[in-house]
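To keep things clear, I will list the structure first and then write my remarks on it.
The values are calculated or read from the model by the stated rules, or taken from the named source; none is laboratory data. Not measured: the values here are computed from a predicted model. No Cβ is skipped: glycine too gets one built from the backbone with ideal geometry, and neighbour counts run over all protein chains shown.
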Amino acid sequence: MLRSITVLDFETSGLDPRNDRVIEMAAIRVMDGRIASEFRTVIPYDKPLPRKITEITGLTDDDLEHGMDEVTAFKILNRFIGNNLIVAHNAAFDLAFLHYTLQRLAGRSFTNPFIDTLTVARDRSHYPYTLSALCERYGASFEGAHRALNDVHACWRLLESLHNEAPLDEYVNRLGYLRKYGPPRWAPEHARLVPQEPLRGGARRQPGGQLNALFPALSRNEDFSLARNRDI
């Protein structure tokens, strides 16, 4: 299942995939368990970046000024994806931006199967579900959160760890969402939407459903309302 995959990540100008834009993208192609190639670029944005986006990503207007044009960037990304299985952390976010951008630029969407590492993590582990927290928990190295290329490498390492824990076949095209927020506004037609509840109190669910309290208890006052749902 993991023989031909593309791990991707977008940094964006905001949270609305219809109206905001991808400002940085990165992808790696993994063949037979090894990274075969990688791609990363920034993309110019025709408006001033919101201060919050600069705070999160470290990207500035000057950084984007000489980036690759959007059409070329997505053509290259499309070749990187090919017929591969797509992998992302909080795939609902990245796949929505992929869909709406392809619709706008090419009049089409995508039909690739996908795996969302966030959906897997919510089933198996406890809050928090940030990529950095999960990589630390699963012993996968990670540097530089919220920069696209760092995130895709970290997501690949997390995927390897999750797959080594138990096969991920059941998670192909499975897209989890938190009950309190409801399903995503857009999801691929081939997605299986599944409501989830975050595990609290340090519990960890073993593949198959059994809970084990392997980690220290977390505060009951943790905030679950972080933007992008990337952190939950």
Cβ-Cβ under 6 Å pairs, at least 6 apart or on other chains, region 7-30 side within 14 Å of Ala91 (Cβ to Cβ), far side of a type in the set (Gly, Ala, Ser) and surrounded by fewer than 22 Cβ atoms within 10 Å (Cβ to Cβ): Pro17/Ala96
Only listed residue being out of contact with any helix residue (DSSP H, G or I) (no Cβ under 6 Å at 6 or more places or on another chain), outside any helix (DSSP H, G or I) and either free of Cβ contacts under 8 Å to residues at least 24 places away in the same chain or of a type in the set (A, V, I, L, M) (or both), chosen from Ile76, Ile35, Ile53: Ile35
Filter pass, Thr119 being surrounded by 14 or more Cβ atoms within 10 Å (Cβ to Cβ), within 30 Å of Arg137 (Cα to Cα) and under 15 Å from the mean Cα position of the chain (by Cα): yes
For Pro113: the one exception among (1) within 14 Å of Leu162 (Cβ to Cβ); (2) modelled with pLDDT of 95 or more: (1)
Meets criteria (at negative phi, part of a loop (DSSP other than H, G, I, E, B) and surrounded by fewer than 20 Cβ atoms within 10 Å (Cβ to Cβ)) for Leu59: no
Residue match in region 39-49 (condition: of a type outside the set (D, E, K, R), assigned to a helix (DSSP H, G or I) and either surrounded by 12 or more Cβ atoms within 10 Å (Cβ to Cβ) or free of Cβ contacts under 8 Å to residues at least 60 places away in the same chain (or both)): no
Matching helices (runs of 4 or more DSSP H) fully within region 87-192 where at least 3 residues are over 28 Å from Asp32 (Cβ atoms): 91-106
Counted residues, region 12-25 - those being under 15 Å from the mean Cα position of the chain (by Cα) and more than 18 Å from Thr54 (Cβ to Cβ): 1
From the options Glu189, Glu136, residue that is over 27 Å from Lys75 (Cβ atoms), surrounded by fewer than 16 Cβ atoms within 10 Å (Cβ to Cβ) and not aromatic (Phe, Trp, Tyr): Glu136
Scan of region 187-198 for residues that are closer than 15 Å to Thr111 by Cβ and among the hydrophobic types (A, V, I, L, M, F, W, C), ordered by number: Ala187, Ala191
